[in-house]
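To start, the structure itself, in structure tokens.
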Amino acid sequence: MKYILKMSFSLFLILIINGCGKVEKKEQEPIEKETALVQMEFGKWNKQNDSLGVELNVNNFENWLELINRTEKIVCNDSIPKITSTTDSEIKTIYFRNTCSKEDSFRIIKTKNVIAIYNNKISKNNESGIPLDSLENVLRKDIENNGENLGLSESPEKLTICIQYDDKNDFKNLPNTLKQLTETYYRITNKTDLKILLIDKKYFSPPPRPKDEI
């Protein structure tokens, strides 16, 4: 009986020692937190080649015109301008639908299919100066219209967002505007097919008339 008790006690001690060793070893192991980054791409064509994307860094430009000129050079070289933002939980890439003025100097976009964001204010048709806080309401009306109201977008596929700043305003708010725009669009549609153009005041100007017509 004493022998059995001694054996039981010895086994108990062995178990305690092994258990403490495992706990100590576990405490010494580095704790690694694995964070899965969500990757989202807005404005990308279905067959668009990722290698054609050229990054635009807003901080590298002195003014809006410089950024527009750089965008123009990118698209005229058969590449696609984009802006990428990264947070602790998300990598978001926004591709812009600009076209080369040398090949497409006259853009035919119906006004009703356009929502303009000018100096951080929204313009729609003849109404301007709408605060960005109203973005969801403005977007939803166009997205859900489906041609019913002749003054709104004909379809979600034709809806185009045109963003413009002038030299008197801080265009470096562009990343924040894009963040709000993409988040709102995705919340309404659960899609990422948002068409965004970066434009200047000459974008919708009609093409110059040929000399033989003057």
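The values are calculated or read from the model by the stated rules, or taken from the named source; none is laboratory data. Just so we're clear, the structure is a prediction, and the values are computed from it rather than from any experiment. A quick note on method: Cβ atoms are made from the backbone with ideal geometry, for glycine too, and the neighbour counts reach across all protein chains shown.
With respect to (1) under 23 Å from the mean Cα position of the chain (by Cα); (2) in contact (Cβ under 8 Å) with a residue 24 or more places away in the chain, the lone exception for residue 131 is condition (2).
Within segment 91-128, the only residue that satisfies the criterion of being part of a helix (DSSP H, G or I) and without any contact (Cβ under 8 Å) to a residue 24 or more places away in the chain is 111. Within segment 69-90, being surrounded by fewer than 18 Cβ atoms within 10 Å (Cβ to Cβ), touching a residue at least 40 places away in the same chain (Cβ under 8 Å) and within 9 Å of the chain's Cα centre (by Cα) holds for one residue alone: 85. Evaluating residue 103 against the criteria (1) modelled with pLDDT of 95 or more; (2) out of contact with any strand residue (DSSP E or B) (no Cβ under 8 Å at 6 or more places or on another chain); (3) not polar (S, T, N, Q) leaves one unmet condition, (1). Can you say whether residue 146 is within 23 Å of residue 191 (Cα to Cα), touching a Pro at 6+ places or on another chain (Cβ under 9 Å) and not in a strand (DSSP E or B), as far as the supplied structure shows? Yes; evaluated as a whole, the condition is true for this residue.
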